[in-house]
1. Pairs please, first residue from region A:8-32 and touching a residue at least 24 places away in the same chain (Cβ under 8 Å) and part of a loop (DSSP other than H, G, I, E, B), second anywhere and open to solvent by 50 Å² or more (accessible area, probe 1.4 Å) and among the charged types (D, E, K, R), Cβ atoms under 8 Å, 6+ apart in sequence or on different chains.
2. Of all residues being open to solvent by 10 Å² or more (accessible area, probe 1.4 Å) and of a type in the set (S, T, Y) in region A:14-48, which is nearest to the chain's Cα centre (by Cα)? Just the residue, please.
3. Given the conditions (1) polar (S, T, N, Q); (2) buried (at least 19 other Cβ atoms within 10 Å of the Cβ); (3) modelled with pLDDT under 90, which single one is not true for B:N31?
4. Tally up the residues in region A:92-114 that are outside any strand (DSSP E or B) and within 11 Å of chain B (Cβ to nearest Cβ), please.
5. Quick check on A:S55: is it open to solvent by less than 90 Å² (accessible area, probe 1.4 Å) and of a type outside the set (K, R)?
6. Might you check whether a residue that is within 14 Å of another protein chain (Cβ to nearest Cβ) and of a type outside the set (V, I, T) occurs anywhere in region A:62-70?
7. Go through region B:63-116 and give me each residue that's surrounded by fewer than 21 Cβ atoms within 10 Å (Cβ to Cβ), facing chain A (nearest Cβ under 8 Å) and at pLDDT 90 or above.
8. On the given criteria, is A:M89 modelled with pLDDT of 90 or more and outside any strand (DSSP E or B)?
Amino acid sequence: EPEVTQTPSHQVTQMGQEVILRCVPISNHLYFYWYRQILGQKVEFLVSFYNNEISEKSEIFDDQFSVERPDGSNFTLKIRSTKLEDSAMYFCASSALGSWETQYFGPGTRLLVL
Amino acid sequence: AQTVTQSQPEMSVQEAETVTLSCTYDTSESNYYLFWYKQPPSRQMILVIRQEAYKQQNATENRFSVNFQKAAKSFSLKISDSQLGDTAMYFCAFPAGGGSQGNLIFGKGTKLSVKP
């Protein structure tokens, strides 16, 4: 069964450093999402992406964040100048046709900013 | 504003018994859908079940079923014959705009422990 994959599974970085989180969505899916979950809290939407541009973004997704689909398979989330409060689990998700379709989540990347 | 509320932070159940997790939501949309996701200790988000609001029949997936009460805006998850592997956080989720927007709004979750 096709699944969303994410790398790395864990990332430790120093405050102020840049990190890139990578995702490979399900191959025939067209809509991609990033969510985050701070430890002990609920999952929060960051951004959605379709047709090589951002569809929607939340208030959390400020200038520190960017997304990109550099090739036909990868979908990346870049966090510039990481802060302590960026420590969280970051989930990538994809759906086939967009807003009315089920989103399938990857296993997550656990980011720790020291 | 659209909200999703899970009022049970933690629950426990004996193996083989049945447990019901509650979820209420608030929306002005008439057509939408709802999800339950499971997050085991590995923290991966796994889809459990989906319900379309226009369907009167409650969704069922093996031991998992929902009780969808549209008028009451209630969407509870029933787990029958609970198994140790059901131990996880369970999140109710609802698409912003009912479905016209893609981003999901999640409840705070219910931590379910299945005891042997």
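1. Close Cβ pairs satisfying both conditions: A:P8/A:R22; A:S9/A:R110; A:M15/A:K83; A:E18/A:K78; A:E18/A:R80; A:I26/A:E3.
2. Taking the candidates together, the pick is A:Y31.
3. Just one mismatch for B:N31, condition (2).
4. Count: 10.
5. Judged against the criteria, A:S55 is a match.
6. no
7. B:K108, the sole residue that qualifies.
8. When the stated conditions are applied, A:M89 does not pass them.
The values are calculated or read from the model by the stated rules, or taken from the named source; none is laboratory data. None of these values were measured; they are calculated from a predicted model. Here the Cβ is made from the backbone with ideal geometry for all residues, glycine too, and neighbour counts use every protein chain on show. Surface areas here come from the heavy atoms of the whole protein model, side chains and all, with no ligands, DNA or RNA. Shrake-Rupley method; radii C 1.70, N 1.55, O 1.52, S 1.80 Å.
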